[in-house]
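Engineer: Please find one structure pasted underneath; my questions will follow.
The values are calculated or read from the model by the stated rules, or taken from the named source; none is laboratory data. Quick caveat, the model's predicted, so the values are computed rather than measured. For neighbour counting, all protein chains shown are included, and Cβ atoms are generated from backbone atoms with ideal geometry for every residue, glycine included. Each accessible area value is taken on the protein alone, full model and side chains, heavy atoms only, with ligands, DNA and RNA left out. Shrake-Rupley method; radii C 1.70, N 1.55, O 1.52, S 1.80 Å.
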Amino acid sequence: MRGLARNFAFGFAEKYLQVALALASSAILARLLSPAEIGVYSIAAVLTGLAQVFRDLGTGQLLVARRDLSVPEQRALFTIGLAMGWGLALMLAALAEPLAAFYRQPELRTVLHILLLNFLLVPFSSQVTAMLRREMRAGALLKVSACYCVVQFIATIAFAVAGMGARALAWGGLAGTFTGLIAALLLQPPGMAWRPAWQGVWELVRPGSLAVTGNAIDELGVVAPDLVAGKLLGAEEVAVLGKAQSVLALFNQAVTSAVSPVIFPLFARHAREGNDPVQAYLSAASCITALSWPFFLFAGLFASPLVTLLYGYQWQASVPLIRIMCGAAALYSMLNMARYMLLATGHFAEQARIDAISVAGRLVLLVPAAMEGLQWLAAAVALSLVLRSYVVLRSLRALYGLELMALLRQMRKSAIAALAAVTPALLVLAAVPAAAGPLRMMAGAAAGALGWGAAIWLQRHPLAGFLRAAGSQQ
């Protein structure tokens, strides 16, 4: 328990550093760059992000999840990652001009050319980080991430001040990638296999392809709103939607992405040892919802001052979008760990099926909604999350016998904690004038935090046990 909590503590430290620097960077860049410049980079980022899913053909997940990992298999997986990464860099170089013409954004070509350089470097660093995750060395991962984030933050701001526009974000990201690679190489575990070899490649392509198929479909669903908005509405609308999604993504950045590097190896270890991962999943989901439900309720209640504080008043158009999407995001938060359990237990095809159904439904909803405007697009995003939640629940029931009522019973304490958090926040909203702005928001957050903390400890919520165990390691 303590060792696991220690890994969670390192994971949270890593992601909180990322979130803190990302927030500071967003707040500064929102005042240094125009919405159009941020929108151009957003389009480039989602395009390269989609390509990034194919970069290693699922080798990172295989490195973590395989029961026995031999040196020849490491070499084969490295070969796959290297071939895919460099091949995708060439593909993006060829597609940069047509994509810039498709979106009617000439600057997009230059930004894509900068971003594709990351594909030449990442295969090396990802091989190291996957092995560190397999060994659950969260402290080393924290050091690699810190080097990347700090350099990216400093470089991006410097380039933006120098007047480089959308290219500032691309060059800053490349500087961070290069620094992260150096840190990863210095912290690599002993016995890393760096010599490429074709032996065993084809035996690993099939499971890797299933994993990457699901990841690619899922990533398409994530970036689809930006791609659709970029084509049907414009670069500024992409930026506004991006700001709304970035507020809601704060939870995933601060919590989900901090937990997943620990949860995935934990589920994989349960599977390798022949244990049932469902109880571990229920415990993780309970802890996630104890944090996510109050967060999304707070984001909806205080969306306007939150956006003003983070990005400035000029981004208020994102406020109604946040309020439309936050409820569905809260619902899906109790199911977002299911992906890691499915992959860790070898259900690659099932995860790909979930992704295919969910993303197809999202695309069907997004295109007609975008023609009606941003708020309709946000409503389509929210409805697609409800659809995905239903599909995931059916899969969990079929594969693990996990019934909806059993899941909801496990979330009961989280629901009470969310109610204890939102009630005093609502009282603050009623008592403090709206003109108070950020002060009203901070008062609501403080009151809500007190109510939430009391509910967590008085109920002996599972999250309290993890916090105590993590604290005893400090």
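Engineer: Could you please state, rounded to a whole Å, how far the C-alpha centre of the stretch 101-154 is from the C-alpha centre of the stretch 318-354?
Structural biologist: Their Cα centres are 23 Å away from one another.
Engineer: Can you tell me the FRET efficiency between Ala454 and Ala83 if r is taken as the Cβ-Cβ distance and R0 is 56 Å, rounded to the nearest 0.05?
Structural biologist: With a Förster radius of 56 Å, E is 0.55.
Engineer: Right, next: Using a simple spin-label model with points 7 Å from Cα along the Cα→Cβ vector, what separation in nm is obtained for Ala360 and Ala20?
Structural biologist: The two pseudo-label positions are separated by 4.6 nm.
Engineer: A further question on this structure: Take the Cβ-Cβ distance between Leu419 and Arg104 as r, set R0 to 45 Å, and report the resulting FRET efficiency rounded to the nearest 0.05.
Structural biologist: The computed FRET efficiency comes out at 0.40.
Engineer: Taking N as the number of residues in the stretch 333-474, what is its alpha-carbon radius of gyration divided by 2.2 N^0.38 Å? Before the final figure, lay out each step's value.
Structural biologist: Working: Rg = 19.8 Å, N = 142, 2.2 N^0.38 = 14.5 Å.
With N residues counted in the stretch 333-474, Rg over 2.2 N^0.38 Å equals 1.37.
Engineer: With a 1.4 Å probe and every protein chain left in place, work out the accessible area per residue of the stretch 234-472 in Å², rounded to a whole number.
Structural biologist: Solvent-accessible surface per residue comes out at 41 Å².
Engineer: Keeping all protein chains in position, work out how much accessible area Arg133 exposes to a 1.4 Å probe, and write it in Å² to the nearest 10.
Structural biologist: About 80 Å², rounded to the nearest 10.
Engineer: Provide the gained length on full extension for the span Ala434 to Leu250, in nm with one decimal, where the gain is 0.36 nm per separating residue minus the Cα-Cα distance. If you can, show how the numbers build up before the last one.
Structural biologist: On the way: separation 184, 0.36 × 184 = 66.24 nm, distance 2.39 nm.
Extending this stretch completely gives an extra 63.8 nm.
Engineer: Further question on the same structure: Taking 7 Å along the Cα-to-C-beta vector as the label spot, tell me the Gln375-Leu426 distance in nanometres, rounded to one decimal.
Structural biologist: 2.3 nm
Engineer: Once you have the Cα-Cα distance between Ile182 and Tyr390, take 0.36 nm times their residue separation minus that, and quote the gain in nm to one decimal. Provide the component values of the computation, followed by the final result.
Structural biologist: Numbers: separation 208, 0.36 × 208 = 74.88 nm, distance 4.30 nm.
That pair, Ile182 and Tyr390, stretches by 70.6 nm at full extension.
Engineer: Order these peptides, 422-429, 118-125, by their mean beta-carbon neighbour count within 10 angstrom, highest first.
Structural biologist: 118-125, 422-429
Engineer: Which order do the peptides 292-298, 32-38 take when ranked by the mean count of other beta-carbon atoms within 10 Å per residue, highest first?
Structural biologist: Per-residue Cβ counts within 10 Å, averaged per peptide and sorted highest first, yield 292-298, 32-38.
Engineer: Grab the beta carbon distance between Leu95 and Met405, set R0 = 41 Å, and tell me the FRET efficiency rounded to 0.05. Write out the running numbers ahead of the final one.
Structural biologist: Numbers: r = 49 Å, r/R0 = 1.18.
It comes to 0.25.
Engineer: Find the Rg to Rh ratio for the stretch 234-472, where Rh is the Kirkwood radius over alpha-carbon pairs and Rg uses the same atoms.
Structural biologist: Working: Rg = 18.9 Å, Rh = 19.1 Å.
Expressed as Rg/Rh, it is 0.99.
Engineer: Now for a separate question. Length gain on complete extension for the stretch Tyr313 to Arg195, per 0.36 nm per residue less the alpha carbon to alpha carbon distance? Could you put the intermediate results ahead of the total?
Structural biologist: Details: separation 118, 0.36 × 118 = 42.48 nm, distance 5.29 nm.
Contour length minus the Cα-Cα distance gives 37.2 nm.
Engineer: Another one. Counting only protein heavy atoms, what percent of the accessible surface of the stretch 234-472 is carbon or sulfur at a 1.4 Å probe?
Structural biologist: That fraction is 67 percent.
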